[in-house]
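J.: Quick one: the structure is below, questions incoming.
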Amino acid sequence: MFEEQVTKVKITSVVIVVGMSAMLAAVVTDHWAVLSPRVEKLNATCEAAHFGLWRLCKKTIFMVKEDPQGKGCGPISLPGAKNCSYFKHFTSGEEAEVFEVKTQKEYNISAAAIAIFSLFFMILGTLCVIFSFGKGRDYLLRPAGMFFAFAGLCIIISVEVMRQSVKRMIDSDETIWIEYYYSWSFTCACASFTLLILSGASLLLISMPHMPRNPWESCMDAEPDTLD
């Protein structure tokens, strides 16, 4: 690998690490969306919820005054009793059964499966980048770029699936939720998509053959760069 390429790959690797960290934070946390029912009266309890790819958390909040951001229950940061349970397609539980009945379970199964594929592509891309630093192995940058691009595409597909899941929950007559907003886990997923796509494209550009320094040179006439 040429010295200039090594520097570019190291800079791109930093961006990749940030993108991977954001994606891991999105996958393992359960703050993709916050759901809220309508608050009919004050000085009473209401039940808000937030969920991710793997579990649903409900929080009982005592409402003293109206939420300035809307008429729902919250904000979710207020103190209250919290109860979390994993979705029924992984474990059983009363809360999981309620979640399964009132939502489209296939949406969450699909989003979780796609996120796992994204993790798999990230691992392959990381291995390719590591081995590309070996002598004469810079050709591995090309598959590395493709793997990170695939990882970014998978996570944005997972984001869209979750978005459709939330929309269907809000539109359903069987649920009590009337308001929702996307939380920081959702933001991490969108950020990881941007960073991984850009990193993948950068690695593909770095792996392209060296172009002639002068416009009148042909690729065959250009002097080769010095190898490390």
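J.: Is it fair to say C190 is open to solvent by less than 90 Å² (accessible area, probe 1.4 Å), under 19 Å from H50 (Cβ atoms) and in a helix (DSSP H, G or I)?
T.: The answer is yes for C190.
J.: Counting just the residues of segment 130-185 that are surrounded by fewer than 21 Cβ atoms within 10 Å (Cβ to Cβ) and in contact with a strand residue (DSSP E or B) (Cβ under 7 Å, 6 or more places away or on another chain), which one comes out modelled with the lowest pLDDT?
T.: I176
J.: Mind checking which residues of segment 132-143 are more than 16 Å from I11 (Cβ to Cβ) and under 26 Å from the mean Cα position of the chain (by Cα)?
T.: Hits for segment 132-143 are L140, R142, P143.
J.: In segment 1-19, how many residues are open to solvent by 40 Å² or more (accessible area, probe 1.4 Å) and not in a helix (DSSP H, G or I)?
T.: Counting residues in segment 1-19 that are open to solvent by 40 Å² or more (accessible area, probe 1.4 Å) and not in a helix (DSSP H, G or I) gives 1.
J.: So which residues in segment 22-59 are in contact (Cβ under 8 Å) with a residue 60 or more places away in the chain and of a type in the set (S, T, N, Q), if there are any at all?
T.: T29, S36
The values are calculated or read from the model by the stated rules, or taken from the named source; none is laboratory data. No experiment lies behind these values; they were computed from the predicted model shown. In this analysis, Cβ positions are derived from the backbone assuming ideal geometry, glycine residues included, and neighbour counts consider all displayed protein chains. Protein only, heavy atoms only, side chains kept; ligands, DNA and RNA dropped before computing areas. Shrake-Rupley method; radii C 1.70, N 1.55, O 1.52, S 1.80 Å.
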